[in-house]
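Notes follow the structure.
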Amino acid sequence: MIKTSKENREIVARLSRKLGLGSENHISRIAFSYSINSEKKLNVSKIKNSSGKVYSKSVFFGNNFDLYIGMVCMKYGIHSSDNDILKYIKMHVDDGLESLNEFVEDQGIQNGFDLIKSIT
């Protein structure tokens, strides 16, 4: 299960409405990808609260759980059995939501197509 921070619950809803990407899990997946692709590495000791949007394993990962685990393992040089993997995923979702929200506002992006075009 993945839970965003309380602060990001509003960002998920706002970005989903504004960008028209369908279910809120879509923007959260994009946010994860946006963050994991960045240069920064996140520190597990600075994890935010988990009082926000809740995604079940099947809703967030679909059939791609191993792919998400693999991305985290590659970025942090950890084994797939590491106890912090889901924390890293949660942190990258939170970080990505905050970063995407700022990017969307700064760039004046109005829809999902423009977002995808701008970040690829």
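Tell me the residue from Ser23, Ser33, Ser51, Ser81 that is under 11 Å from the mean Cα position of the chain (by Cα) and surrounded by fewer than 18 Cβ atoms within 10 Å (Cβ to Cβ), please.
Ser33
Please give the number of the condition Lys40 fails out of (1) surrounded by 16 or more Cβ atoms within 10 Å (Cβ to Cβ); (2) assigned to a loop (DSSP other than H, G, I, E, B).
Unmet for Lys40, out of (1) surrounded by 16 or more Cβ atoms within 10 Å (Cβ to Cβ); (2) assigned to a loop (DSSP other than H, G, I, E, B): (1).
Show the residue pairs that are 6+ apart or on different chains and have beta-carbon atoms under 6 Å apart, the first residue being within segment 26-43 and modelled with pLDDT of 95 or more, the second being acidic (Asp, Glu).
Between residues of segment 26-43 that are modelled with pLDDT of 95 or more and residues that are acidic (Asp, Glu), the close pairs are Ser35/Asp95.
State whether the residues of segment 60-73 include one that is more than 22 Å from Phe113 (Cα to Cα), buried (at least 17 other Cβ atoms within 10 Å of the Cβ) and not hydrophobic (A, V, I, L, M, F, W, C).
Looking for residues that are more than 22 Å from Phe113 (Cα to Cα), buried (at least 17 other Cβ atoms within 10 Å of the Cβ) and not hydrophobic (A, V, I, L, M, F, W, C), one finds at least one in segment 60-73, hence yes.
Going by the structure shown, is Gly52 touching a strand residue (DSSP E or B) at 6+ places or on another chain (Cβ under 8 Å), under 28 Å from Phe113 (Cβ atoms) and not in a helix (DSSP H, G or I)?
So Gly52 passes the test.
Checking Ile89 against (1) touching a strand residue (DSSP E or B) at 6+ places or on another chain (Cβ under 8 Å); (2) closer than 18 Å to Ser16 by Cβ, only one condition comes out false. Which one?
Against the list (1) touching a strand residue (DSSP E or B) at 6+ places or on another chain (Cβ under 8 Å); (2) closer than 18 Å to Ser16 by Cβ, Ile89 comes up short only on (2).
Please note which helices (runs of 4 or more DSSP H) are completely contained in segment 62-120 and include at least 3 residues that are under 21 Å from Met1 (Cβ atoms). Don't jump to the end; show me each part of the working.
Numbers: elements: 65-76, 85-107, 112-119.
Helices (runs of 4 or more DSSP H) meeting the threshold: 65-76, 85-107.
Would you say Ile11 is in contact (Cβ under 8 Å) with a residue 40 or more places away in the chain, surrounded by fewer than 18 Cβ atoms within 10 Å (Cβ to Cβ), touching a helix residue (DSSP H, G or I) at 6+ places or on another chain (Cβ under 7 Å) and not acidic (Asp, Glu)?
On the way: in contact (Cβ under 8 Å) with a residue 40 or more places away in the chain: yes; surrounded by fewer than 18 Cβ atoms within 10 Å (Cβ to Cβ): no; touching a helix residue (DSSP H, G or I) at 6+ places or on another chain (Cβ under 7 Å): yes; not acidic (Asp, Glu): yes.
No: the conditions fail for Ile11.
Look at Leu21 and say whether it is in contact with a helix residue (DSSP H, G or I) (Cβ under 8 Å, 6 or more places away or on another chain) and assigned to a helix (DSSP H, G or I).
In short, no.
Considering every residue within segment 52-61, establish whether at least one is over 22 Å from Val12 (Cα atoms) and among the β-branched types (Val, Ile, Thr). Walk me through it before giving the result.
Let us first name the residues in segment 52-61 that are over 22 Å from Val12 (Cα atoms), namely none.
No, segment 52-61 contains no residue that is over 22 Å from Val12 (Cα atoms) and among the β-branched types (Val, Ile, Thr).
The values are calculated or read from the model by the stated rules, or taken from the named source; none is laboratory data. These figures come from a predicted structure and were not determined experimentally. In this analysis, Cβ positions are derived from the backbone assuming ideal geometry, glycine residues included, and neighbour counts consider all displayed protein chains.
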